[in-house]
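The values are calculated or read from the model by the stated rules, or taken from the named source; none is laboratory data. Note that the structure is a prediction, hence the values are computed from the model and not measured. Counting neighbours? That spans all protein chains shown, and the Cβs are built from the backbone with ideal geometry, glycine included.
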Amino acid sequence: MPFEQGEAIPFGQLDAPIHGFYSASVILARRLPYTLELMHEDDAKRIAAVLEQIRDGQKLQLERQLEALELQRKQFSVLQEQAARAERIQDKAELLQDRGAKLVQGARKIVMLLVPVIVVLLVYVSWLIFRSRH
């Protein structure tokens, strides 16, 4: 049974919740604006002051959030620069390792050639020493 606007809803009947309130609460909420007229001027000034403080606090919080966001942006740009620098250093290190590997390969080839020559020379010198004694 729907009710027309302005028609009273009986207190004994609780309808389904309307925006979190039962119909009995809606009736009380409808009466609330009429009680605000009884508010004293001092109360209104205090409420206005509190609302101004809330607004000022929100502005301050927003300013601090903007500062924090700017700081985060700066930190992110520094991080990007550090990552780019680290990548350049890594590339240089890889080049140095490649050069070092080539030098080691060259040194191994030289050693593989020199060791047999040195062994042959030692055998020859030993043969010369033992031949002159006999």
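Data overview
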item	result
Residue within region 113-125 that is in a helix (DSSP H, G or I), hydroxyl-bearing (Ser, Thr, Tyr) and either exposed (fewer than 10 other Cβ atoms within 10 Å of the Cβ) or more than 39 Å from the chain's Cα centre (by Cα) (or both) present	yes
Where Ser23 falls short, out of the listed (1) touching an Asp or Glu at 6+ places or on another chain (Cβ under 8 Å); (2) at pLDDT 55 or above	(2)
